[in-house]
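Here is the structure we will look at.
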Amino acid sequence: MAQPAHPGCRDRLRHAADPAKEALRATNPPQYTEKVLALSRDPLLEEFRTRLQRHPVSADGRKSALRHLCRALTVYGIALADLTPGTLVHYANAHPGCGIAGAWPLLRDMGVLPAWVPQTLQDARIRGRQSVDDLVDRHQLRNREIRDLLVDYIRRRAVEVDYGTLDNLVRNLVRYFWKIVEEINPDQADLRLHEDIVQAWKERLLVRQDGKPRQHIDGPFLAVRAFYLDLQTWSAAEPERWGRWVAPCPIRDADLRWFHVRRRRLQERMANRTRERQPLLATLSEHVTTEWHRLRTLLDAAKQARLGEQFVVDGVTWQRAASKATARRPELLGSEPVRVINRDTGELVRLTHEQNSVFWQWAVVETLRLAGLRREELVELTHLSVRQYQRPNGEVVALLVVSPSKSDRERVIPMSAELFHVTAQIIRRHREEHGTVPVCPRYDQSERTWCEPLPYLFQRVQSGTPRALSTSGVRQIVLDAAKALIPTHPQFAEIRFAPHDFRRLFATDLVNNGLPIHIGAALLGHLDIQTTRGYVAVFDEDVIAHYTEFLDRRRAKRPSTEYRRPTDGEWSDFQEHFDKRKVELGSCGRPYGTPCAHEHACIRCPMLSINPKMLPRLDELEADLLARRQRAIDEGWRGEVEGLDLTLRFLRSKRAQAHRAAAATGSVDLGMPPRPGGRSGTGQGIGTGGFRGA
């Protein structure tokens, strides 16, 4: 091969590559890959070819990756050792949809690409965070002094906000404010705006670029108002820096007077959106569940069939098919994706791919529906989010720990039987495919940063490498699931489901079923109960008002001392009460503020809840009581015999109750990692209280 071109010169690469690229595309030489391998005699290229055979992608994907890698080396006139990340990205951009992405992870593992590059080509194309200067300059402002002022102001505000808020602040101040002002008056040199310009800006802001009315104008209004007022405040401390820019704020009090009215109109639109989607939720859930079960049954039947063999599923005749590479090498049939042909219609179905897509549709839709999570909370769920909690009666409850997101507070959700089933199926799928839940990185699209690798539950394989699902991917999955229903349910053509719609529907369903609204706020992670009230669409405002009045009247009848803040001593005594309820045989259920009425004769106390782990201890106590009873009989202590009989009766009743609790608790293997300092190995289970998650 020819000597490599300079890897840092993109313009030279672009111009030099075009003739060779067009020549290869026009001629398409036969057996080009084999010829390049034979002529180059590159041991590194041969090593890549060997590793590629073990890469977890299809035979067609491996063939395409090797073919395009050979073409890239020819086009740029370099050896494999001289290949750079920029060269590979340039080739991929020039050939959209080519299989060169499958070669990237292997080249990185071999050391051809440096270790600092992302693990996949798709990740390498992510731009990441931009500086404040770049965020402002993308709008191409005319006035350089105003541009520098906005950069300095936003950079100072960036210290106290996250990147998503910073990006939104730039959009409100630059795109929705000053960019429009410059379009109205290109000669505007300072922040002191004439009333005609202010009115023209407000009129332009009310209409989007597509001609539709803008629904959310409070964001730009509040950002501009804060901008002007901050400059006035800062100018008192730093007049030499900010004093010249002080000007009257274009956002008048009258502009914000209707703020609460617009907020109510927004809540009305959201409530109406929820009412429209509530009747369709069951249809969507049933569709994704039925479709997954149908394709799973079809895939199981197809795996049992040989190549070319026909089989029948639900009255439809199918035939096992394969790619050309698999047809030439039948030994690859077990490791290649399953393909089938519908003999009635002649349609070729990539069954493994379709079943995988439908499974994740089902998992995403059902988790959003049953847990009421935000989409960023959904993609942050990991294998470590599944926890177990042992109640005082010995029952083990499955919990879902939701990482802090919008409210920056972690919360715990008790999992229902349905939600536990979905979680167990996700973990089971990962364990069947990879042996465990793979540890993979995740890109935070809001913060534009890479998160540390964790065993994320919602992850897909990308170019043979596990990748955590993105928030935009969640949105697209929900849209695709609803779009598939349009042929049979035309009402879905006019209604688009968004991931956040499931959160509002979840809140509405909770309150409809009688759950107190403050408990719903805790499950949803709302810091203010008013936010939860805004989510509940079916509750009229007068119903909420009556409920609030009822609470006020009930509290008014209670002594005011009950609502004071407890002292440190009272709070310590309250916590100590629960510590004292823990006894040898289990847990005592006596309420706070009450002493032990049975003088710690726990085995006779109806408030004692036996831990099933202490059943052997009950057997020891029974043997001791029987021995004491026999001696009492021998000595003629009739009163002692009567007391021991009463204790034995309570003991046997408690033992039967503990046996019933233990028998009603099943377990499912989730492969949960051991706790620090706990038992090692997998196989830990979570009690399901009579249901099985898988």
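Just so it is clear, none of the values below were taken in a lab; they were calculated from the coordinates. If you're wondering where the values come from, they're calculated on a predicted model, not measured in any experiment. Note that we place each Cβ from the backbone using ideal geometry, even for glycine, and neighbour counts take in every protein chain shown.
What the table shows:
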quantity	calculated
R0 of 41 Å, Cβ-Cβ distance residue 637-residue 576: FRET efficiency to nearest 0.05	0.60
Two-site label geometry, residue 479 and residue 583: point separation in nm, points 7 Å out along Cα→Cβ	6.2
Chain lengthening between residue 347 and residue 194 when straightened (0.36 nm per residue, less Cα-Cα)	48.5 nm
Most to least packed among 421-433, 276-288, 644-656, 59-71 [average Cβ atoms within 10 Å]	59-71, 421-433, 276-288, 644-656
Label point distance in nm, residue 32-residue 205, each placed 7 Å from Cα along Cα→Cβ	5.5
Solution diffusion estimate, µm²/s, Stokes-Einstein, region 282-499, Kirkwood Rh from C-alpha pairs, 10 °C, viscosity 1.306 mPa s	82
Sorted by Cβ neighbour density within 10 Å, fewest at the top, the residues 614, 270	270, 614
Links that overshoot a 29 Å alpha carbon limit, given the list 63/483; 557/654; 557/580; 580/654; 179/212	63/483; 557/654; 557/580
Descending semi-axes in Å of region 352-454, equivalent ellipsoid built from Cα gyration tensor	22, 20, 14
Potential lengthening between residue 623 and residue 236 on full extension [0.36 nm per residue; Cα-Cα distance subtracted]	130.8 nm
Gained length - residue 159 relative to residue 260, 0.36 nm times residue gap less alpha-carbon distance	33.4 nm
